[in-house]
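Below is one structure, written out as structure tokens; comments come after it.
Values in this text are rule-based calculations from the coordinates and carry no lab data. Just so you know, these numbers come straight off a predicted model, no measurement behind them. Every residue, glycine as well, gets a Cβ built from its backbone with ideal geometry; the counts of neighbours run over all protein chains shown.
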Amino acid sequence: MNNPAPNELHLRSGLRLADPTGMLRAKFAQWPWSKYDGDLPPDPDAVTAADVERANRLGARLSYAVWQRLVTAKGPAMNALLVKLPKAALEDVDLDAIRGPLVGLFDLVVEKDISISRATKILYPFRPALLAVLDSVVDCSYWYATSIADEAPFRRLQRAGGADGAYELLAPMR
């Protein structure tokens, strides 16, 4: 097999990308960097029905009925937990110290129609430096990387479900 040119990427599928870095730059140039996080909520401590558009722009694809039900039934409890989460970067926070409110918040959001990946898209704008959008690709990548790197954290991740799973996925990102 030929060695690819320095700026060429060969995928196992046979696809060749002549200039992957240039392709990414061109793609990212189509939309201002500030918009990748979406518009921040007017109140970072209050989830409202108006926030569904932002979550959907991040790819949550929630129906308005599901969102309305979530905000109506659990909004005040979510807001009370958001207040307990620092507006700080993930790497600057002691995750163990905020485990209770963090897991509690995900416990409220993750339900039949809302997976962990959707929950992170809902909650991310309220604490963008602290929370990550854990879409299914990131989720699977961390599962795979953790399973190879260290069995103990992988077993914790494997046992964790729902909100605990979100916490266990954030921990290695720190």
Between Ala73 and Ala89, the two model label points (7 Å from Cα along the beta-carbon direction) sit apart by a distance in nm of 3.8 nm
Ala80-Arg25 pseudo-label distance in nm [points 7 Å out on the Cα-to-Cβ vector] = 5.2 nm
Take each of the peptides 7-13, 40-46, average the number of other beta-carbon atoms within 10 Å over its residues, and list them starting from the highest.
-> 40-46, 7-13
